[in-house]
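Below is one structure, written out as structure tokens; the observations come after it.
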Amino acid sequence: MAIAWTPDLSVGVENIDEQHKIWFEKANELFEAGKQQRAKEYINTMIDFLDEYTKKHFSDEESYMEEIGYPELDAQKKAHASFINDLAKLKKDYNDGGGNLLVILNANKMVINWLTNHIRHMDKKIGDYVKTL
Ligand SMILES: [Fe+2]
């Protein structure tokens, strides 16, 4: 299944929404590469792209929350760190399995669910908070 950002995922903060859209694209590129059975080096590059973008996005989002004095910053930081670990584990499992594409394909659901749940249940509250300022 293709993964796309949909307007119902809007947080209401433009920069965050724009980054979320790109984030979905990076995840999509990884799973497309898995479906197309691309070579291990290519898959690893896509995992690295997703990982780098995720870290950049989390760091920007955390700076923004700090800037506005967002009260649930700690919970966000914990959730972010846990997802970074999941991605590291995905890369490790893939490579430990000698480049088993099933590892990538099976992770599809986990990643999509994580992104959408996190945005819906945690990031949207950032937008709600901004409105009260
Ligand atoms: Fe977040």
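The values are calculated or read from the model by the stated rules, or taken from the named source; none is laboratory data. Computed from a predicted structure; not experimentally measured. Note: ideal-geometry Cβ built from the backbone for every residue, glycine included; neighbour counts use all protein chains shown.
Residue by residue through segment 20-71, note down the ones that are of a type in the set (Lys, Arg) and touching an Asp or Glu at 6+ places or on another chain (Cβ under 9 Å).
Initial filter on segment 20-71 (of a type in the set (Lys, Arg)): 21, 26, 35, 38, 40, 55-56.
Selection gives Lys26, Arg38.
Would you tally the residues in segment 1-14 being part of a helix (DSSP H, G or I) and in contact (Cβ under 8 Å) with a residue 40 or more places away in the chain? Break it down into steps so the answer makes sense when it comes.
Here is the first cut: in segment 1-14, the ones part of a helix (DSSP H, G or I) are 7-9, 14.
After this cut, where a residue has to be in contact (Cβ under 8 Å) with a residue 40 or more places away in the chain as well, the list is 9.
Number satisfying all stated conditions: 1.
Each row is one residue, and each column tells you yes or no for (1) modelled with pLDDT of 95 or more; (2) crowded, with 16+ Cβ neighbours inside 10 Å.
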{"position": "Gln36", "(1), (2)": "yes, no"}
{"position": "Glu41", "(1), (2)": "yes, no"}
{"position": "Ser63", "(1), (2)": "yes, no"}
{"position": "Tyr70", "(1), (2)": "yes, yes"}
{"position": "Leu90", "(1), (2)": "yes, yes"}
{"position": "Lys109", "(1), (2)": "no, no"}
{"position": "Lys124", "(1), (2)": "yes, yes"}
{"position": "Gly127", "(1), (2)": "yes, no"}
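Is it fair to say Asp123 is of a type in the set (D, E, K, R) and within 14 Å of the ligand (Cβ to nearest atom)? Full working, then the answer.
Numbers: of a type in the set (D, E, K, R): yes; within 14 Å of the ligand (Cβ to nearest atom): yes.
So Asp123 fits the description; yes.
Select the helices (runs of 4 or more DSSP H) contained entirely in segment 15-118, then report the ones holding at least 2 residues which are within 12 Å of the ligand (Cβ to nearest atom) and in contact with a Leu (Cβ under 8 Å, 6 or more places away or on another chain). Can you show your working first?
Values: elements: 40-67, 73-96, 101-118.
Once the helices (runs of 4 or more DSSP H) in segment 15-118 are filtered for at least 2 residues that are within 12 Å of the ligand (Cβ to nearest atom) and in contact with a Leu (Cβ under 8 Å, 6 or more places away or on another chain), what remains is 40-67.
Within segment 1-20, count every residue that is farther than 22 Å from Glu67 by Cα and surrounded by 13 or more Cβ atoms within 10 Å (Cβ to Cβ). Outline the logic, then answer.
So the first thing to find is which residues in segment 1-20 are farther than 22 Å from Glu67 by Cα, and the list is 1-9.
With surrounded by 13 or more Cβ atoms within 10 Å (Cβ to Cβ) added as a condition, the list becomes 3, 5, 9.
Final tally of qualifying residues: 3.
Name the one entry in Tyr129, Tyr70, Tyr53 that is of a type in the set (Ser, Thr, Tyr), within 19 Å of Val13 (Cα to Cα) and touching a residue at least 60 places away in the same chain (Cβ under 8 Å). Give the steps one after another, and end with the answer.
Details: Tyr70 fails: touching a residue at least 60 places away in the same chain (Cβ under 8 Å); Tyr53 fails: touching a residue at least 60 places away in the same chain (Cβ under 8 Å).
Exactly one residue qualifies, and that residue is Tyr129.
So the check is Cβ under 7 Å with 6+ separation or different chains; which pairs have a first residue in segment 108-124 that's more than 12 Å from Leu90 (Cβ to Cβ) and a second one that's near the ligand (Cβ under 10 Å from one of its atoms) and outside any helix (DSSP H, G or I)?
The qualifying pairs are Ile119/Val11; Asp123/Val11; Lys124/Val11.
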